[in-house]
Amino acid sequence: MQFPPLHEWPTTEEAAVALQNELAARVDTSAPVGAIELIAGCDIAYHLTEPRLFAAVVVLKASDLSVVEECTVTREVTFPYVPGLLSFREIPALLAAFGELLRAPGAVMLDGQGIAHPRRFGLACHLGLWLDLPCVGCAKSWLVGDHTEPGPNAGEATPLSLNGETVGAVVRSATGVKPVFVSPGHKIDVGSATQLVRATLSGYRHPAPTRAAHMAANRLRMEFGV
DNA sequence: GCGACAG
DNA sequence: ATCTTGTCGC
């Protein structure tokens with residue numbers, strides 16, 4: 001798939017924060033999303049000793065969660081890990097992988113936050129803006145917001161609020177596991193984002209899309225060496 | 001009194 | 001993210 005450049009890549013943390021505040025105004029999480037045929041999951045794996053990362057994007061058919069396409073790419077790390085600035089570290093490689101995709105998916109899911117972010121501009125928002133596609137963040141841990149513990153059964157959820165506004169949901173993705181933090185990134189609202197995660201639960205902690213991507217990224221890392 | 005910081 | 005052994009439960 002093809003997409004136009006959204007911006008130049010900042011080199012400093014200050015510039016990155018400024019860019020987030022600027023781009024956050026373009027994020028749209030006001031409307032639900034329609035029926036989706038293809039959903040892509042993406043993730044990054046890191047080299048054990050070198051500053052290198054492995055990106056993977058896997059496209060699944062929403063109807064039966066079968067894999068229809070997969071693209072992986074390895075890049076050198078160009079930005080440090082800073083809480084709140086994760087997208088500047090992982091998106092460049094993800095974009096390279098998406099660029100090799102034959103068909104554009106109807107939505108994207110990834111490991112990270114959407115608008116449940118200090119500046120309301122998490123990884124899912126950033127990628128959603130670049131690809132101009134509905135994007136959902138499904139993080140494994142808390143970053144911001146208040147919430148209560150969701151029920152014990154798979155699919156149960158509680159709202160995640162920030163400044164009095166519901167920005168996402170804490171979802172029990174499988175019975176007996178710690179819940180995941182779901183929040184919309186772009187072109188999708190909280191309700192649809194949560195539904196999409198619910199519709200792709202795989203019996204494991206990660207929904208099928210992000211789980212498949214996680215495995216693909218690790219596989220590439222192994223093939224590469226370590 | 002302070003207090004959760006994505007991957 | 002990543003390193004790690006055994007262990008518990010289906």
Those residues of segment A:69-86 whose amide nitrogen sits under 18 Å from the label point placed on A:T12, 7 Å along Cα→Cβ: A:79-82, A:85
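Using Stokes-Einstein with the Kirkwood hydrodynamic radius over Cα pairs, what translational diffusion coefficient do you get for chain A at 4 °C and a viscosity of 1.567 mPa s, in µm²/s rounded to a whole number? Intermediate results must be reported in sequence, preceding the final value.
Working: Rh = 17.2 Å.
The Stokes-Einstein estimate is 75 µm²/s.
With Cβ to Cβ distances under 14 Å as the rule, what net charge do the other residues near A:V177 carry (K, R +1; D, E -1)?
Taking every Cβ under 14 Å from that of A:V177, the sum is +3.
R0 = 30 Å: FRET efficiency of A:D132 with A:V226, Cβ-based, nearest 0.05? Please list the in-between numbers first.
Working: r = 36 Å, r/R0 = 1.19.
The pair A:D132/A:V226 has a calculated efficiency of 0.25.
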Mean Cβ-within-10 Å packing, highest first, puts peptides A:88-99, A:215-226 in the order A:88-99, A:215-226
Who wins for biggest fluctuation among A:T74, A:T12, A:T166 in a Gaussian network model of chain A, springs between alpha carbons below 10 Å? A:T12
Among A:H206, A:H117, A:H147, residue whose mean-square fluctuation peaks in a GNM of chain A (springs only between Cα atoms under 10 Å): A:H147
Estimated distance in nm for a label pair at A:R26 and A:E50, the labels positioned 7 Å out from Cα along Cα-to-Cβ: 3.4 nm
Could you tally the net charge around A:L123, taking each other residue with its Cβ under 14 Å from the Cβ of A:L123, Lys/Arg +1 and Asp/Glu -1? +1
Ratio Rg/Rh [Cα only; Rh per Kirkwood] for segment A:92-226: 0.98
Would you please put A:26-36, A:123-133, A:57-67 in order of how densely packed they are, using the mean number of other Cβ atoms within 10 angstrom per residue and starting with the highest? A:123-133, A:57-67, A:26-36
Cut-off 10 angstrom, C-alpha nodes, Gaussian network model of chain A. Which of A:P209, A:P83, A:P134 fluctuates the most? A:P83
Burial-style ranking of A:188-201, A:102-115, average other-beta-carbon count within 10 Å with highest first, yields A:102-115, A:188-201
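Rounded to the nearest 500, what is chain A's calculated 222 nm mean residue ellipticity when only DSSP H runs of at least 4 contribute -39500 (n - 2.57) each, over all residues? Intermediate values should be presented prior to the final figure.
On the way: 5 runs with 61 residues, N = 226.
It lands at -8500 deg cm²/dmol.
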Would you mind checking which residues have amide H under 5 Å from A:G168's amide H? H placed 1.01 Å from N; only 5 or more apart, or other chain. A:L160
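Note the full-extension length gain between A:R219 and A:A104 as 0.36 nm times their separation in residues minus their Cα-Cα distance, in nm to one decimal.
Result: 39.1 nm gained on full extension.
The numbers here are math on the coordinates, done by the rules we state, and not lab data. Everything quoted here is computed from the prediction, not taken from an experiment. Cβ coordinates were reconstructed from backbone atoms using ideal geometry, including for glycine residues, and neighbour counts include every protein chain displayed.
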